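To keep things clear, I will list the structure first and then write my remarks on it.
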Amino acid sequence: MKLRLLPIVALMLPLIAFAAEVGDVVKFDAPPQKVGRDIMQAFTNRKSSTGFSGRPVPMKDLGNVLWAANGINRPESGMRTAPSALNKQDIDLYVFDQKSVYKYNPKDHSMNLVVKGDHRSLFTERMKTPIIILLVSDVSKFAGGMGTEDDHRRMGAFDAGIVSQNISLYCSALGIATRVRASMDGPGIQKLLGLSEKQIPMLNHAIGYNK
Ligand SMILES: Cc1cc2nc3c(=O)[nH]c(=O)nc-3n(C[C@H](O)[C@H](O)[C@H](O)COP(=O)(O)O)c2cc1C
């Protein structure tokens, strides 16, 4: 029995090692033009996961989720897959895994190491998800324009909601499980990542595969 499993385990090893041992910069491949399910199937299947297995998410799929979330879909203008109030592009994405925290760089479709270590306990981690994508709004980008600080915070929350829905639908299309959550240790996250009080953790997405 053990011997029969060996080839399967051997085949999976490079995938597991790559997910666990990425460098300071992870450059993703360009996103594909087509994925398995169409938009209607993605809507039909969208739901919040209630429990994740430990199965790692392949880097390729993570890159595609980040691009769908808030990547650049019009390279000539730098515009994004998600609209944003006044096109301020205020939402930054951070990826927390078992080894490190990375920040997504849409211009390069890559992610850069921010801090080492497993910091997933800053989120509601009853679920033990392999990956958490954090959505931070830099509401300072709305300053000097119209509205009050409350208005800026509202715009940041709206923009985070739109990015979140991009993630949910793309995950649904790909058969990846996710759950959006508002609960997290906001001040603890700001401290860890060196964020200002205007860079507000709005939502986070647990990402993985259903049990
Ligand atoms: C803004 C927002 C905040 C949420 N916060 C949490 C949360 O902190 N913890 C959690 O387990 N689920 C959270 N959820 C997920 C909801 O509980 C879930 O979407 C709802 O129960 C409906 O289930 P469905 O997504 O499968 O349709 C949140 C959802 C939204 C839209």
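The values are calculated or read from the model by the stated rules, or taken from the named source; none is laboratory data. As the structure is a computational prediction, the values presented were derived from the model and not from experiment. Cβ coordinates were reconstructed from backbone atoms using ideal geometry, including for glycine residues, and neighbour counts include every protein chain displayed. SASA here: full protein model, heavy atoms, side chains in, ligands and nucleic acids out. Shrake-Rupley method; radii C 1.70, N 1.55, O 1.52, S 1.80 Å.
Is it the case, given these coordinates, that Asp108 is over 13 Å from the mean Cα position of the chain (by Cα) and either at pLDDT below 95 or at negative phi (or both)?
On the way: over 13 Å from the mean Cα position of the chain (by Cα): yes; either at pLDDT below 95 or at negative phi (or both): yes.
Judged against the criteria, Asp108 is a match.
If only one of Leu203, Leu193 is closer than 18 Å to Gln98 by Cβ and surrounded by 15 or more Cβ atoms within 10 Å (Cβ to Cβ), which one is it?
Details: Leu203 fails: closer than 18 Å to Gln98 by Cβ.
Selected residue: Leu193, the only one of Leu203, Leu193 that is closer than 18 Å to Gln98 by Cβ and surrounded by 15 or more Cβ atoms within 10 Å (Cβ to Cβ).
Specify which of the listed residues (Ile133, Ile72, Ile91) is of a type in the set (A, V, I, L, M, F, W, C), within 14 Å of the chain's Cα centre (by Cα) and either over 20 Å from Asp24 (Cα atoms) or open to solvent by 10 Å² or more (accessible area, probe 1.4 Å) (or both).
Exactly one residue qualifies, and that residue is Ile91.
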